[in-house]
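The block underneath contains the structure these notes are about, expressed in structure tokens.
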Amino acid sequence: MIGEEFASVLARAQRGDEAAFASLWLDVNPALVKYLRVVAHEVDDEDVAAETWVTVVRGLARFRGDEMAWRAWVFTTARRRGIDEGRRRTRRRTALASHVAELADPGRLVPPDPAQVVLESMDTQAALALVAQLSPLQAEVIALRVIAGLDVEAVARLVGRSPGAVRVAAHRGLRRLALILARQGVTL
Amino acid sequence: MANFLRSLSGGRPYQGDDHLEAMLSGQPLPENADAELYGVNELLTALRAAPVDPVERPGQARALDAYRQTFATSDPAHQRRRRPAMISTLLGAKLGAALAAGAVGFGGVAVAAAAGVLPDAAQDFAHHAVGVVPAAHKDKSAKDVKDVKDVKDVDATETTKATPVGPDATGPAAFGLCTAWSHAKDSGNAAQKSIAFRNLATAAGAVTADTAGAKAEKIATYCTTFTKPDKVTKPDKVTKPDKVTKPDMTGKPSTAGKPTPLPGAATTGTSHRP
């Protein structure tokens, strides 16, 4: 999140300031790619992210809103792109499966108490892989809350559900993640 | 742990929803949070971490290319200012304010009237008062309307170049000036002091008068020598008409820096070609 400078950066980007636009891109794009990896299976997430920015740039001059509205708009565009591309492309499974397998290595040191699973070297890719095991709604809601940084209301509008349903889905998703981690600890 | 797993099996409601919300919002977990939540919290932290992924660089180039194509320039120093030009607005406002305040005085109105750019009613008044062309009323004959238009077009070109020195009080505008002065004097209008009336006073030799009354008397005497000129008739070309009443004049009006003599008023009997 850019924070207090957002309005100024946005205004400059809307007037053709390339450096300002680069700031917007750097701030949002990593989250965009991660979000697409979670929710848009069967797609090339970098490609869809780039196509998302092409669409965003076309509408940039007309955009009006604060940083939360900006992120909601960008992620809504990405979601639409991801859905469109979802059935045509296969998801890239490069390091995700190997990361998950590495965590399940019996030779790996684990704490004796399965209730206190400490993921010493949990990296982003492994975390994304775990979230992707949730139900589609739970995975997307958690990705939008945590990765995109949207609030409950913005997530509700984006996924087309009530705020209450969004909260329930997010909480169930987190509890499910805790269970997965606990089981991983147990199996180790 | 047991409580947490029991809640997942569909039993009683989970007591730690506020802790879950805290994690989702990026806030630190309270100390009394369930132990199993710390692992989840670390997972969410890993989700938020910015990855060092070189694969994202090509995407940046594509985004910037799209931006450059959509926006004309990428250099803010070369962006044109889009604020509207203030100069014309300011000039317009100042001129309007000056005219409204009467700062230009009757002379300025005469200039505008001579150019035929006043509203019809005002143009007619000026026609009667100063001797300029009348407004192009639709109820007039087509001939007259055409005349007025032609005359207006021609005179507007020259008259608008005139400097604000007021009408020539010794020329054909004298009758109109006298009429206007008479009205202003009767109504006590301060417009008596405008440029036009000063010209009239000078022509009447009233400048050296001691009192205002003496000055007025001199102007009144001077004005009795003028009669109203005839209505404008159609010229063969854009020149003076044939039938005009030749007002008495004390001198040949010059053309430099003053409104040109108008058709309908003879000068020295030669054709007037503006």
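The values are calculated or read from the model by the stated rules, or taken from the named source; none is laboratory data. Fair warning: this is a prediction, and the values are worked out from it, not measured in the lab. Positions of Cβ are generated from backbone atoms using ideal geometry, with glycine treated the same way; all protein chains shown enter the neighbour counts.
Taking A:ARG145 as the residue in question, decide whether it is over 17 Å from B:TYR38 (Cβ atoms), outside the structural domain of A:ASP27 (by TED's automatic domain parsing), assigned to a helix (DSSP H, G or I) and charged (D, E, K, R).
Details: over 17 Å from B:TYR38 (Cβ atoms): yes; outside the structural domain of A:ASP27 (by TED's automatic domain parsing): yes; assigned to a helix (DSSP H, G or I): yes; charged (D, E, K, R): yes.
The answer is yes for A:ARG145.
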### Task
Identify the single condition in (1) surrounded by fewer than 16 Cβ atoms within 10 Å (Cβ to Cβ); (2) within 10 Å of another protein chain (Cβ to nearest Cβ) that A:GLY164 does not satisfy, given that it satisfies every other one.
(2)
## Note on the structure
Subset of the stretch A:173-188, residues touching a residue at least 12 places away in the same chain (Cβ under 8 Å), closer than 19 Å to A:LEU128 by Cβ and surrounded by fewer than 20 Cβ atoms within 10 Å (Cβ to Cβ), comes to A:ILE180, A:GLN184
